[in-house]
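Structure first, commentary second.
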Amino acid sequence: MAKTQLKEKTAPVVDDKRIELRKFIDEMKTKEHADSHLIDVLHRTQHLYGYLPTEIMDEIAQAMQIPTAHIWGVATFYHYFKLTPPGKYEISLCLGTACYVKGATQILQVIKDELKIDFGEMTDDGLFSLGPARCLGACGLAPVVMIGERIHGELTPKKIVQVLKEYRKQAGKEDGK
Amino acid sequence: MDNSKKITITINDKQYKVDPGQTIMQAADTCGYRIPRLCYHPKLSVEGACRVCIVQVEGMKNFVASCCYPVADGMKIYTNTKEVRQARRDIVELLVDNHPEDCHTCERDGNCELQRLVYAMGIRHRHFTGERKHYEKDLSSTSVIRDPDKCILCGRCVRMCSEIQGVHCLGQAYRGFNTVVMPAYNMPFAESVCSTCGQCINVCPTAAFVEKNHTQELFEKLNDKSLVKVAQFAPSVRAAIGEAFGQPMGRNMEGQLVAALRRLGFDYVFDTQFSADLTIMEEGSELLERLQSGGPLPLITSCSSAWMKYMEQFYPEFIENISTCKSPMSMASSLFKTYWADKMKLDPKKVLSVAVMCCTAKKFEAARPELEVHGLRTTDIVVTTREAAWMIKSAGIDFVNIRPEKFDEPLGLSSGAGTIFGVTGGVMEAAIRTAYELYTGETLVDIEVNDIRGLKGVKEGRITMDGQELHVAVAHGLGNAHQVMEMVREDRHRFQFIEIMGCPGGCIGGGGQPYATANSIPLDEECLKARAQALYDLDRSKTIRRSHDNPDVQRLYREYLGRPLSEKAHELLHTHYKAKTPRGIVSRSLKVV
């Protein structure tokens with residue numbers, strides 16, 4: 001009797017990131033309560049991809065035999081996990097107490113106006129994405145933002161516009177190369 | 001249990017002897033208390049999320065949720081002190097705080113567990129006016145509507161979908177106030193792995209899940225003078241619809257429903273049980289053919305629409321094991337627009353074919369393009385038992401006191417075998433009654449097959465026919481179906497014939513059946529048993545109890561179809577299934593590389 005063959009929707013792309021992730025999952029699966037290592041796997045995914053692509057979550061579901069709806073529940077529960085791709089420059093705006101008191105909301109408004117994006121979004125050109133931070137431990141410099149790995153402190157509405165401009169310039173230069 | 005092993009607890013200063021190893025709620029249930037509850041359901045895992053069931057326990061600093069706190073010897077429990085009443089009331093008050101204030105225009109008005117709870121708690125006005133939720137309704141599915149604004153996050157649907165149905169379509173996403181029950185990636189239902197079984201509707205205490213309503217469309221069509229309106233209804237509808245009119249569980253309302261449908265405007269009322277008999281003729285012959293030709297076995301039933309969608313998604317490698325028979329609903333609809341329309345000299349396009357079903361998945365089935373005959377959709381509208389009950393009320397028909405009427409001919413007569421199609425094990429039993437005789441040429445004396453009756457999740461039985469032993473399995477609820485399919489995957493030769501129904505208890509527990517009444521709970525076992533008994537009693541009351549003895553079925557073959565599995569029968573009564581791969585399928589069949 002002929003067996004109905006199951007076809008994969010699309011052949012999964014095998015790239016270095018996928019191989020590394022699969023290795024990590026295989027390692028997690030040898031541990032006790034393998035399911036409970038889902039968060040570790042999602043952490044690794046975000047480390048590799050910068051966010052949690054849904055195609056990768058599909059693959060994690062298959063590899064770990066965990067329903068996709070459950071993975072989606074975990075991925076959306078934690079603020080740490082990003083569901084949209086990050087921009088080239090990730091802006092984390094500190095909304096901790098000190099920054100808040102020193103006018104973080106004003107800075108936020110300027111960023112929103114300048115870049116036309118809200119929290120969790122990315123500019124159309126892919127340069128900037130914006131997210132909130134609770135405290136960056138730089139209260140002395142409040143209000144602060146972290147862009148990529150760099151802290152920009154003692155911000156004013158004027159200064160943040162200037163900072164964003166510099167990043168744009170830098171990106172232009174890099175493109176020019 | 002032996003009385004000496006019982007422990008003594010005190011509830012509200014009265015002593016009771018109870019079994020150890022239960023929760024406070026379970027123990028209190030046996031002592032005549034029914035502690036208010038919401039997220040708890042005896043068939044589902046304990047979540048302890050809603051805190052409605054809190055009680056006071058002497059020596060404990062805080063109130064405890066009685067659904068998940070074990071009793072202990074000497075425990076002093078208070079269920080009704082001023083403090084606990086106040087706290088419970090506040091909890092429910094906060095639950096409704098962000099709930100829309102639209103009870104009088106809500107689908108569940110009068111059938112809402114939350115509404116009943118609010119009433120029982122004595123909440124007569126709102127103290128808190130907090131933020132409300134504003135989400136889009138998901139209207140994408142043919143069967144189930146999701147309305148997160150009405151959701152109180154009890155999680156019963158999520159547990160039902162994963163623990164009982166094994167579909168895992170629903171999950172809770174985001175957190176705190178922003179938590180929403182949704183399919184993965186907030187996919188529209190129509191694109192998700194949802195099997196359309198509608199059990200989320202059954203267990204939802206509010207109107208966060210309701211069926212896609214087709215009553216307005218049907219009322220409009222019933223007023224269209226150019227159409228000939230034909231209705232059919234499923235076996236289990238008659239066993240349950242009475243509940244929607246305050247009748248006791250398990251009262252057979254067949255004749256009343258026929259009469260009421262005529263008064264709603266239907267010109268002809270036929271019985272899905274007739275086509276259930278027809279299904280047995282086709283499926284029984286299919287089974288014999290496969291037994292004789294050696295495969296593909298096991299043969300697996302195809303009547304349940306939710307099971308069919310589930311199978312196409314999760315077990316496509318077994319497609320050729322699935323019976324090619326259409327469901328009884330679709331067989332009847334095909335005949336309405338061919339055999340019967342011919343007979344009546346009607347243009348099939350002018351025949352309005354309506355099915356009253358215990359099922360939300362039938363709405364999905366009716367829309368399947370592969371079920372069209374001569375380019376025509378055969379089932380035009382499917383309404384659930386609930387929708388039909390509402391239409392009857394809305395049209396001012398005295399359902400309870402109406403004089404029972406008989407089905408129209410020639411698609412209205414059925415055997416007892418067709419009747420028991422509505423309960424788990426029934427299709428198998430009906431098939432055995434016929435297959436045995438077709439195979440052996442002898443009459444089966446004891447036609448009641450008790451091994452495969454009852455509410456056990458997976459039932460197995462052995463039937464000896466002419467020295468050949470058939471090993472059969474019956475499963476109800478998709479989670480149990482999954483179990484049986486895993487057995488088959490392990491050993492393809494273990495069973496020869498498998499019956500699967502997508503809902504707990506079979507069609508009697510379908511996603512379109514009346515909501516639980518005030519004194520019951522969704523999918524209450526007693527209720528399912530009573531509905532099943534109604535069908536078994538009806539079977540016993542009939543003189544014709546085997547499908548092949550149905551004279552109108554015989555006439556249909558004589559006049560029109562020829563014989564079972566004939567070319568004509570294949571054209572009208574059989575179909576095919578295709579693998580479906582919506583996102584979110586965690587396929588257990590694909591080898592993980």
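All of the numbers you see were taken from the coordinates with simple rules; none came from a lab. Small disclaimer: the values here were computed from a predicted structure and weren't measured. Cβ atoms come from the backbone with ideal geometry, glycine included; neighbour counts cover every protein chain shown.
Structure data summary
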| item | result |
| --- | --- |
| Separation of the A:Glu27 and B:Thr8 label points, Cα + 7 Å toward Cβ, nm | 6.0 |
| Lysine pair number, Cα distance threshold 27 Å (strictly under), the range B:3-94, separation 8 or more or different chains | 18 |
| For B:Val458, distant residues with modelled amide H under 5 Å away | none |
| Distance between modelled label sites at B:Lys76 and B:Lys345, nm, 7 Å Cα→Cβ extension | 8.8 |
| Residues of the range B:346-365 with amide N under 19 Å of a point placed 7 Å along Cα→Cβ from B:Arg263 | B:356 |
| Calculated FRET efficiency for the pair B:Leu438/B:Ser541, C-beta based, R₀ 25 Å, to 0.05 | 0.50 |
| Estimated D of the protein assembly as shown in µm² per second, where Rh is the Kirkwood radius over Cα pairs and Stokes-Einstein applies at 25 °C, 0.890 mPa s | 84 |
| Whichever aspartates and glutamates have a C-alpha closer than 14 Å to that of A:Lys102, once near sequence neighbours (fewer than 8 apart) are set aside | A:Glu154 |
| Per-residue HN-Hα couplings for the range B:53-63 [Karplus 6.51, -1.76, 1.60; θ = phi - 60°; Hz; x = Gly/Pro] | 8, 5, 9, 9, 10, 4, x, 9, 5, 10, 5 |
| Karplus-derived 3J(HN,Hα), 6.51/-1.76/1.60, for each residue of the range A:130-141, Hz, glycine and proline x | 10, x, x, 10, 7, 7, 9, x, 10, 4, x, 9 |
| Gap separating the Cα centres of the range B:90-132 and the range A:97-133, nearest whole Å | 38 |
| Modelled label reach - B:Arg377, point 7 Å along Cα→Cβ, the range B:191-218 residues with backbone N closer than 17 Å | B:212-218 |
| Calculated FRET value between B:Lys137 and B:His576, using beta carbons and R₀ = 35 Å, to 0.05 | 0.55 |
| Subset of A:Lys116/A:Lys169; B:Lys229/B:Lys393; B:Lys221/B:Lys568; B:Lys150/B:Lys221; A:Lys88/A:Lys165 violating a 22 Å alpha-carbon distance limit | B:Lys221/B:Lys568; B:Lys150/B:Lys221 |
| Sites A:Asp16 and B:Glu163, calculated FRET efficiency, Cβ-Cβ separation with R0 30 Å, nearest 0.05 | 0.20 |
| Rounded tilt (10° steps) of A:54-64 against the dominant C-alpha axis of chain A | 40 |
| Reachable lysines, given that their alpha-carbon falls under 22 Å from the alpha-carbon of B:Lys225 and they are not under 8 places away in the same chain | B:Lys337, B:Lys343, B:Lys345, B:Lys349, B:Lys350 |
| Reachable aspartates and glutamates, given that their alpha-carbon falls under 18 Å from the alpha-carbon of B:Lys459 and they are not under 8 places away in the same chain | B:Glu429, B:Glu448, B:Asp451, B:Glu469, B:Glu486, B:Glu490, B:Asp491, B:Glu499, B:Glu525 |
| Interchain or long-range residues, amide H under 5 Å from B:Lys580's placed H | B:Gln313 |
| Rg to Rh quotient for chain B, alpha carbon positions, Kirkwood Rh | 0.99 |
| Percent RCO, i.e. relative contact order, over chain A, from Cα pairs under 8 Å lying at least 6 residues apart | 17 |
